[in-house]
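For reference, the structure is listed below as C-alpha cells.
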Amino acid sequence: MRIFISYSHQDKPTVDLITARLKQAGHEVWIDHLKLRPGDNISRKIHEGIGSAEAILVVVSANALRSKWMLQEFSSLALSELSKREPKIIPVLLDDSAVPSYLSNYLYLDLSRDLAGGLDKLVHSLEIVQRKEADTPRRSTEQRTDSLAGQVAALGGALKSGRLTLVCGAGVSVGAGIPVWNQLLLRLLESMIERLSKDHSLNPGNNAAEEFNNRHGASSLILGKYLKNNLGKDFGKEVRDALYSAKPTTCDLIDAIVDLSRPQRDGKPLDSIVTFNFDGLIEENLTTATILNRAIYTEAIKHDPNELPVYHVHGYLPRIGKIPDETDIVFSEDAYHSQFIDPFSWSNLIQLNKLTQNTCLFVGVSLTDPNLRRLLDVAWRKNPDKTLSHYILKKRPRFGTKDDVLDDLARLLEEQDANALGINVIWVDDYDEIPNLLRSVR
C-alpha cells in the first residue's frame, strides 16, 4: 500500500520509527516528497502529491500544532477528503495534544502511551483498509466525543489554575431578551427620525425607519454615526432604553456563566469576563447569586481581589441610575476608529493581556470584529510556543443534508480561520447545548 505521511520535521525521529515499521510490513512510504517552497499553492501541491496515495497518516503533535504551515497542510488534506466516500486519512497522535476538530471525525491512533503497541495497531488498521472491509468505518462520532472531552478537560484545567477568561459576545444576551444588533439599530433609527420630524416639521410617513433603512441601508457603524450625531446628548439614554425595552432578566446561558463564575473549593475562581455587550445582565445575575463582581468600563475603575472583574471593552450602560459621564460606547464609526488606532487604549491593553496570559473561552462571539481579529493575531505572534491556547463555541454549519459537502467545507474553513488566530473550535449541533457544556468545565 502507498502511504503518505504528513508530519512536522521536529517529529522526524518518531516518524522514522513509524516509517521503518510500515516498510517492514511491506508498505511503500512517501515522506518529504512534496518539496514545498514559500509561495507554493499548498492545496494544489498536496492534491498532486497524494493523488496516488492509498492512505494518509497525519501525525498530530505539539510540534505540528505550533506550525502554521503544518496546520495549513492538515486542513488542506482534510479539504481534499470532503467528497470522498472512502477517506484516506488516519490521524496518528504522538502526545496529549488535542486533535483538530476537522480531524476528530476520523478514527485515529494514539501512539503517545505505547509506541510499539500503537504501531502494531496501525499496521493492523492498514491491513483492514487494504482488504476494504465494508463493516469497518473510517469515520467515528466516538472520536469526536473523545476530542470534546479533551477540550473540556483543558478548559477545566485553566479554570482550576485561575487562568480562564470568558469572552462574551452578543449571542450571550440575546436569549434573555436584549435585541439583536439590527433590531437595536432600527429602534434607535425610529427615535432619531421621530426627533428630526418634530424639530424640522418633516413628514416621512409610516414605517419611516424601516423604509429609510431599506433604501439607504448603510453599514452599522456609519448608521451609528448618524444616530450619535442626531441624538446628541441623549444618545446613551436612547441606547439604554432600547437595550432594556423588553425588560430582559436572564436565560440558561447567562445562568451557566454564573455557575461557572462561582468560587471553587478545590481550585481558583474564574479570572475574568471580557464582554463586548453594553448591558449589565451578567453583573445583575452575579449579584443575585451573591458573587462579588465589578463592572469595569474605564481604566480608572479598579476591582478588589475578591471581586470578579467584568470588562466592558465596548462600553457599559447599566439598567438603572445615571449613565456615567466617562462612558463611551463603541457604537459608531468614530468610536470604533478611536479604539482601532490607539494601541494603548485601556480596552485593547486589557484584551491583549488576557489573550497573552490566559486561556480565553469565546461564547456568543462571531470573530468578525476586525479589532478583535487584529488583537488575536498580535497575541498569536507574541506566543513563543505557538500553541492554540484559546477556545470558541460555534454551531456546526447545517443547512443541507447530514453529509452536505458545502456544510463540511464551511466548517473546515471556519476552523482553519480560527486556528490561524490561535483558537480551537468546539462545535455544537445546537445553541441549547452550550449552557451545559459550560457547566461541565467546572
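Readers should treat all values here as calculations from the given coordinates under stated rules, not as data from a laboratory. Keep in mind that this is a model prediction, so the values were computed, not measured. Glycine gets a Cβ as well: all are built from the backbone with ideal geometry, and neighbour counts include every protein chain shown.
Odds and ends about this structure:
- The residues neighbouring HIS314, those whose beta-carbon lies less than 12 Å from its own, together hold a net charge of -3 under the Lys/Arg +1, Asp/Glu -1 convention.
- Label reach from THR249 (point 7 Å along Cα→C-beta): in segment 271-295, amide nitrogens under 16 Å belong to 281-290.
- Proxy reagent accessibility, fewest Cβ within 10 Å first, across ARG374, ARG113, ARG240: ARG113, ARG374, ARG240
- Between ALA149 and LEU115, the C-beta separation translates, for a Förster distance of 22 Å, into a calculated FRET efficiency of about 0.45.
- For VAL29, the residues 5 or more places off, or on other chains, whose built amide H falls under 5 Å of its own are ILE3.
- Each eigenvalue of the Cα gyration tensor of segment 355-422, multiplied by 5 and square-rooted, gives one semi-axis; in descending order these are 26, 12, 10 Å.
- Neighbour net charge for ALA420 - beta-carbon separation under 14 angstrom, K R +1, D E -1: +1
- Sequence-distant lysines (8 or more away, or on other chains) whose Cα lies within less than 27 Å of LYS395: LYS68, LYS84, LYS88, LYS160, LYS354, LYS386
- Among the lysines of segment 234-335, pairs at least eight places apart or on separate chains and with Cα atoms under 28 Å apart come to 6.
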